[in-house]
Amino acid sequence: MAKESGMKRKKEVEEGFVDNAPLTSKIGEKIQKAKLTVSIMLTDRGLYENAKTRLKDVYNGAVSKIRRLFRRK
């Protein structure tokens, strides 16, 4: 019995005869949130890579300065 109602429900959803409009709007909301999250993650990734390279440059600069200080003359 439960399986039949589930099948009927699935058919209604596929055909667009959904009596539960809040459900479809929630699904749409979740999709929008997921898209936003992905775009934020990509932006954060770019910022992260940028910060990582800057940090690496600073580190390499500091190491070379320290080596220069302790270089034997």
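The values are calculated or read from the model by the stated rules, or taken from the named source; none is laboratory data. Since we're looking at a predicted model, the values are computed, not measured. Note that we place each Cβ from the backbone using ideal geometry, even for glycine, and neighbour counts take in every protein chain shown.
Below, the figures for the structure above:
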item: Lone qualifier among S64, S25 - being within 33 Å of the chain's Cα centre (by Cα), modelled with pLDDT of 65 or more and part of a helix (DSSP H, G or I); result: S25
item: Test: R54 is modelled with pLDDT of 75 or more and exposed (fewer than 10 other Cβ atoms within 10 Å of the Cβ); result: no
